[in-house]
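Report on the structure given below.
The values are calculated or read from the model by the stated rules, or taken from the named source; none is laboratory data. Just so you know, these numbers come straight off a predicted model, no measurement behind them. Because the Cβ atoms are built from the backbone with ideal geometry, glycine has one as well, and the counts that use them run over all protein chains shown.
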Amino acid sequence: MDHFAFTDGVLHAEQVPLPAIAEAVGTPVYVYSRATLTRHARVFRDALTSALDKPHIAFAVKSNPNLAVLKLLAKEGYGADVVSGGEMERALAAGIPAEGIVFSGVGKTTAELVRGLEAGIGQFNLESEEEGIELAALATARGLTAPAVLRVNPDVDAGTHGKISTGKAENKFGVPYDRAAAMFGRLAVLPGLNLRGLAVHIGSQLSKLDPMEAAFARLGDLMHTIRAAGHEVSHMDLGGGVGVPYKADDVFPSPEDYATMVARVTGNWGVTLMFEPGRIISGNSGVLLTQVVRVKPGVTSPFVIVDAAMNDLARPALYDAWHDFLAVTPSGERTTAHIVGPICESSDTFAMGRDIDTVQAGDLAVFRTAGAYGATMANTYNSRALVPEVMVDGDKWAVVAQRIDPAAILAAERVPDWLE
Ligand code: LLP
């Protein structure tokens, strides 16, 4: 459920008509709904807290790292799952307490590990024995102890797009399942490391609970093996990955279904469970507002050329992802069309042969479900602007990330004097 709906034939974000934002800020622009974000944050948190004992929920910052979004989630009691020093600084800047921060990522640099230690973050999710050895040494040298868990690759097929699957043996994530218990034993005895459990994350946009359940069950078996070897296990991190519907008739597990499954699998674990949801919180809380530049006849269907492009919303080009396309003031007529951006490559295609509202040059439209992995993956390819972001709250709205114009990017470039 979201707060983007039609009032008097015009698409609104909460009570704000989208044409008002387009007129003031220009297009393309991401528009987030505060009420939707808050609702999703609460529904997910309430589902987990009623089924489980004091779970720790860390929002996956990568899905939407906007400072205002993080601030809102900090107020809802969320921690942060970060994968870079940059994300860590954002989470801290948004007021997320350091102890609520989980540091994931397969390639944390020495500088990032040190910054995490000095900031006192809550947990390092180790992706290799080498990383654990380095972290232990860095912590010891500073008289600190790093709380950590070992991420395991359970070799489970998540059943999602190959580029966002992370839990198969051939993926770079986690340590091989069969070697994890022995590795845990070696790392657990290192001074400077408080190795307190395991982590798993098998992929994103998961439409079924079964692969997650299989992965969690495997993780539980490993936990029992580790305990039997005399190690204490107090924290188990179950990652993120619950998908959201991008099409009206898509059926996805609800937060309650997910929580019930987790409670069933982990009932006797006796640990603090940790979660790293991203898309399920932020996905439906944003749209990408765009204007039709022109409509050009094609051989099979017309091309609707919009002013948003693959640099603003990369998901269709990268993962063949579907984002619903809606006219902001629909006429009631429908057409079959290709929806494309202005970038000079054919991958700049949002949809082919799609049944859409009939639109004309100058009309406004949105790509829905763009709040997760939208603005955060934007770039300036073709020397386009970096897309701005707006947050709506009832009848008011604010720019929460300014457009960065090509001129500002040009101004940061230099021609060496030996080229003059
Ligand atoms: N935890 C870890 C360790 C992750 O790698 C991810 C996502 C998450 C949590 C959050 O997953 P979520 O709940 O959002 O599914 N750019 C892609 C998605 C990449 C996901 C990367 N990892 C897309 O646009 O679909």
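Within segment 73-80, is there a residue that is part of a strand (DSSP E or B), assigned by TED's automatic domain parsing to the domain that holds Ala248 and either under 23 Å from the mean Cα position of the chain (by Cα) or among the aromatic types (Phe, Trp, Tyr) (or both)? Give the derivation first.
Pass one, segment 73-80, residues part of a strand (DSSP E or B): 79-80.
Okay, now just the ones that are also assigned by TED's automatic domain parsing to the domain that holds Ala248, so 79-80.
With the extra rule that they be either under 23 Å from the mean Cα position of the chain (by Cα) or among the aromatic types (Phe, Trp, Tyr) (or both), the set shrinks to 79-80.
Yes.
Quick one: in segment 106-119, which of the residues that are of a type in the set (A, V, I, L, M, F, W, C) and assigned to a helix (DSSP H, G or I) is surrounded by the fewest Cβ atoms within 10 Å (Cβ to Cβ)?
Of segment 106-119, the ones of a type in the set (A, V, I, L, M, F, W, C) are 106, 111, 113-114, 117, 119.
This time we only want the ones that are assigned to a helix (DSSP H, G or I), so: 111, 113-114, 117, 119.
Numbers: Ala111: 9, Leu113: 20, Val114: 16, Leu117: 20, Ala119: 17.
Filtering segment 106-119 for residues that are of a type in the set (A, V, I, L, M, F, W, C) and assigned to a helix (DSSP H, G or I), the one surrounded by the fewest Cβ atoms within 10 Å (Cβ to Cβ) comes out as Ala111.
State the number of residues belonging to segment 298-311 that are within 13 Å of the ligand (Cβ to nearest atom) and more than 23 Å from Thr358 (Cα to Cα). Reasoning before the result, please.
Here is the first cut: in segment 298-311, the residues within 13 Å of the ligand (Cβ to nearest atom) are 310.
If we keep only those that are more than 23 Å from Thr358 (Cα to Cα) too, we end up with none.
Qualifying residue count, segment 298-311: 0.
Table: residues versus (1) closer than 30 Å to Pro55 by Cα; (2) in a helix (DSSP H, G or I); (3) of a type outside the set (A, V, I, L, M).
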position: Arg294; (1), (2), (3): no, no, yes
position: Val304; (1), (2), (3): no, no, no
position: Leu318; (1), (2), (3): no, yes, no
position: Ser331; (1), (2), (3): no, no, yes
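What are the residues in segment 222-234 that are in a loop (DSSP other than H, G, I, E, B) and of a type in the set (Gly, Ala, Ser), if any? I'd like the intermediate steps shown before the answer.
The initial filter retains those residues of segment 222-234 that are in a loop (DSSP other than H, G, I, E, B), namely 229-234.
Answer for segment 222-234, where residues must be in a loop (DSSP other than H, G, I, E, B) and of a type in the set (Gly, Ala, Ser): Ala229, Gly230, Ser234.
I need the full set of residues from segment 235-253 which are in contact with an Asp or Glu (Cβ under 8 Å, 6 or more places away or on another chain), part of a loop (DSSP other than H, G, I, E, B) and within 9 Å of the ligand (Cβ to nearest atom), in order please.
Gly239, Gly240
Filter segment 129-154 down to the residues that are closer than 13 Å to Ala188 by Cα and not in a helix (DSSP H, G or I) and list them by number.
The answer is Thr145, Ala146, Pro147, Ala148, Val149, Leu150.
Given the conditions (1) within 16 Å of the ligand (Cβ to nearest atom); (2) over 18 Å from Ala58 (Cα atoms), report the number of the one that Ala148 does not fulfil.
Single failed check for Ala148: (2).
Looking at segment 145-182 only, could you name the residues that are crowded, with 19+ Cβ neighbours inside 10 Å and of a type in the set (S, T, N, Q)?
Across segment 145-182, the qualifying residues are Asn153, Thr160, Ser165, Thr166.
Applying the selection to segment 54-86, what residues are touching a residue at least 40 places away in the same chain (Cβ under 8 Å) and over 22 Å from Arg34 (Cα atoms)?
Lys54, Pro55, His56, listed by residue number.
Among the listed residues Val295, Val287, identify the single one that is among the β-branched types (Val, Ile, Thr) and within 16 Å of the ligand (Cβ to nearest atom).
On the way: Val295 fails: within 16 Å of the ligand (Cβ to nearest atom).
That would be Val287, the only listed residue that is among the β-branched types (Val, Ile, Thr) and within 16 Å of the ligand (Cβ to nearest atom).
Just one of Thr336, Thr369 is under 19 Å from Ala248 (Cα atoms), away from the ligand (no atom under 16 Å from the Cβ) and not assigned by TED's automatic domain parsing to the domain that holds Lys71; which is it? Can you show your working first?
Values: Thr369 fails: away from the ligand (no atom under 16 Å from the Cβ).
Going through Thr336, Thr369 in turn, the sole match is Thr336.
Tell me which of these Gly203 doesn't satisfy, since it passes every other one: (1) within 16 Å of the ligand (Cβ to nearest atom); (2) touching a helix residue (DSSP H, G or I) at 6+ places or on another chain (Cβ under 8 Å); (3) over 22 Å from His323 (Cα atoms).
The single condition Gly203 does not satisfy is (3).
Could you say which residue among Leu273, Leu219 is within 15 Å of the ligand (Cβ to nearest atom), part of a strand (DSSP E or B) and under 28 Å from the mean Cα position of the chain (by Cα)? Before you say what the answer is, go through the steps one by one.
On the way: Leu219 fails: part of a strand (DSSP E or B).
Sole residue among the options that is within 15 Å of the ligand (Cβ to nearest atom), part of a strand (DSSP E or B) and under 28 Å from the mean Cα position of the chain (by Cα): Leu273.
Please specify each residue of segment 101-111 satisfying the condition of being within 15 Å of the ligand (Cβ to nearest atom) and of a type outside the set (S, T, N, Q).
Here is the first cut: in segment 101-111, the ones within 15 Å of the ligand (Cβ to nearest atom) are 101-108.
Passing the criteria: Ile101, Val102, Phe103, Gly105, Val106, Gly107, Lys108.
Suppose we keep only residues that are buried (at least 16 other Cβ atoms within 10 Å of the Cβ) and away from the ligand (no atom under 16 Å from the Cβ) within segment 120-132. Which one would you say is farthest from Ala215 (Cα to Cα)?
It comes out as Gly132.
With respect to the numbered conditions (1) assigned to a helix (DSSP H, G or I); (2) within 19 Å of Tyr177 (Cα to Cα), which one is the sole condition not fulfilled by Ala263?
Failed condition: (2).
Scan (1) in a loop (DSSP other than H, G, I, E, B); (2) surrounded by 18 or more Cβ atoms within 10 Å (Cβ to Cβ); (3) small (Gly, Ala, Ser) for the single condition Ser282 breaks and write down its number.
Condition not satisfied by Ser282: (1).
How many residues does segment 333-343 hold that are out of contact with any helix residue (DSSP H, G or I) (no Cβ under 6 Å at 6 or more places or on another chain) and either assigned to a loop (DSSP other than H, G, I, E, B) or over 18 Å from Pro297 (Cβ atoms) (or both)?
Going through segment 333-343, the residues out of contact with any helix residue (DSSP H, G or I) (no Cβ under 6 Å at 6 or more places or on another chain) turn out to be 333-342.
Applying the additional criterion that residues be either assigned to a loop (DSSP other than H, G, I, E, B) or over 18 Å from Pro297 (Cβ atoms) (or both) yields 333, 341-342.
Selection size over segment 333-343: 3.
Please find, within segment 206-216, the residue that is surrounded by the most Cβ atoms within 10 Å (Cβ to Cβ) out of those that are among the small types (Gly, Ala, Ser) and within 14 Å of the ligand (Cβ to nearest atom).
Keep residues of segment 206-216 that are among the small types (Gly, Ala, Ser), which gives 207, 214-215.
Cutting the leftovers down to within 14 Å of the ligand (Cβ to nearest atom) gives us 207, 215.
On the way: Ser207: 16, Ala215: 27.
Per the criteria, the residue is Ala215.
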